[in-house]
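Comments concern the structure below.
Just so it is clear, none of the values below were taken in a lab; they were calculated from the coordinates. A quick note: this is a predicted structure, and the numbers were derived from the prediction, not measured. Cβ: placed from backbone, ideal geometry, glycine included. Neighbour counts: every protein chain shown.
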Amino acid sequence: MKARVRATPPQGEGWVYEPKWDGFRAVAWGGTEPKLESRNGKPLLRYFPELLPALEQLPTGTVVDGEVVVVVDDVTQFDQLQSRIHPAASRIELLSGEIPAELVAFDLLAVGGEDLRDAPWSERRERLERLLGDLAFPWHLTPVTSDFAEAERWFSEYEGAGCDGVICKLDNEAYVEDKRVWIKWKHRRDCDCVVGGYRVHKDGDKIGSILLGLFDDESNFHFMGHCSGFSNHDRVELLAQFEHIRSEESFGGDDTVRVPGAQSRWSTGKEADWIPVAPGVVVQISYDQLEGGRFRHATRFERWRPDKPADECTLDQLERPEGVGFGEVVS
């Protein structure tokens, strides 16, 4: 079952609210052959062998929907979790000890061979609570509330634990596979960034995406992410405009500054195919999350800012979430 994003959360009778965890969505199967699968059905247990004892705690014929997370300093860390997906068995074994994964359960699809998908969420939740009462670490039960004021507090305070919003569900709803029925209420913030480069679209005659940067107090120019939400007409015009301000370099500074093309857990090979421009064009974007010093996902274009000097686009615009830690959320 999936969720769709809405700018404002639903309220009223029947709605319940849970923290939205920043991890890998996973379905855990108990029994003689325990397994852990992604929402696309891909096996995950090979990357998280330390979770096998947790799956063996599940009764035969039990299926739990939840999230795999890595918790460091009482905060879920997606970049650390991402690093666990590695082809080398020796590396997997090393990381399973250094940054072990944990499981946060939020739904129960079957128990003891009984299929619960047609049961209302309220019944599934009650039985999940009973099940989790008998399970030990690394299992955790996600909290839930029907009080919208409490959900609003969670939306703000739980971000510090690594939650990136709130999931809204109806308490009488069945579990509908592969349908976006739940509501995802996510954080969204604005930021003024400087364009430091661009990538050409695969068609070759237009902009594919622009690369965004921010300055620190020493005038180092940090690569923060990219933006690509433009119409085809605008993409053609933008390519012509940015070709006039091409430069030999843009992002950079001291050895700690991230630049496109630097190898990281996020690198896919695409970062190398970009063209630097003189950093002077300012754009306002919106973003949902920060991760590892950059925008976690692609940003959304809001407007151009010809009225704002580039050197005023600094890292101190970024809001660093504060609040309670992971342990308090799942306690």
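Loop only by DSSP, 15 or fewer other Cβ within 10 Å of the Cβ. Give me the GluC sites (Glu not before Pro) in region 162-219 that pass, ordered by residue number.
Loop-located and lightly packed - GLU177, GLU218.
Averaging over every viewing direction, what projected area does the convex hull of the Cα atoms of the chain cover, in nm²?
18.8
When a/c is below 1.5 the answer is rounded, else prolate if a/b is larger than b/c, else oblate, so apply that to region 189-317 with a ≥ b ≥ c taken from the square roots of the Cα gyration tensor eigenvalues.
rounded
I need the phi-derived Karplus couplings for region 112-121: 6.51 cos²θ - 1.76 cosθ + 1.60, θ = phi - 60°, integer Hz, Gly and Pro marked x.
x, x, 8, 6, 10, 5, 8, 6, x, 3
Let me check against my output: what whole-number percent is the relative contact order of region 127-221, with C-alpha pairs under 8 Å and at least 6 apart?
This gives 14 percent for region 127-221.
Looking at region 22-130, which GluC sites (Glu not before Pro) are in a loop (DSSP not H, G, I, E or B) and have at most 15 other Cβ atoms within 10 Å?
Within region 22-130, no GluC sites (Glu not before Pro) qualify (loop, at most 15 other Cβ atoms within 10 Å).
What relative contact order, as a whole-number percentage, does the chain give when Cα pairs under 8 Å and 6 or more residues apart are counted?
20
Enter the angle in degrees (range 0 to 90, nearest 10) between the Cα long axis of helix 148-157 and the first principal axis of the Cα atoms of the chain, meaning the one along which they spread out most.
50
Only loop residues by DSSP count here, and only those with at most 14 other Cβ atoms within 10 Å; note down the trypsin sites (Lys or Arg not before Pro) in region 122-196 that meet that.
Answer in residue order: LYS179, ARG188.
Taking 20 Å as the cut-off for C-alpha to C-alpha distance, list the pairs among LYS42/LYS186; LYS2/LYS184; LYS206/LYS308; LYS20/LYS169; LYS20/LYS186; LYS35/LYS169 that go past it.
LYS42/LYS186; LYS206/LYS308; LYS35/LYS169
For the chain, what is the charge dipole size about the Cα centre, in debye to the nearest 20, if Lys and Arg each add +1 at the Cβ and Asp and Glu each add -1 at the Cβ?
The calculation lands at about 1180 debye.
Taking H placed 1.01 Å from N in the peptide plane, check which residues at least 5 places from GLY196 or on another chain put their amide H under 5 Å from its amide H.
Those qualifying (amide H under 5 Å, at least 5 residues apart or on another chain) are LEU211, LEU212, GLY213.
Summarise the long-distance tail of P(r) for region 6-112 by giving the % of C-alpha pairs beyond 25 Å.
Tail of the P(r) past 25 Å holds 27 percent of the pairs.
Per residue of region 36-45, in order, report the coupling 6.51 cos²θ - 1.76 cosθ + 1.60 (Karplus, θ = phi - 60°) as ³J(HN,Hα) in whole Hz, putting x for Gly and Pro.
My calculation for region 36-45 gives 10, 10, 6, 5, 9, x, 7, x, 10, 5 Hz in order.
What's the exposure ranking of SER90, SER250, SER286, SER209, going from fewest to most Cβ atoms within 10 Å?
The fewest-first ordering by Cβ neighbours comes to SER90, SER286, SER209, SER250.
For region 189-317, what's the relative contact order in percent, using C-alpha pairs closer than 8 Å and at least 6 residues apart?
33
Farthest toward the dipole's positive end in the chain, which of PRO10, VAL176, GLY162, given Cβ charges of +1 (Lys, Arg) and -1 (Asp, Glu) about the Cα centre?
VAL176
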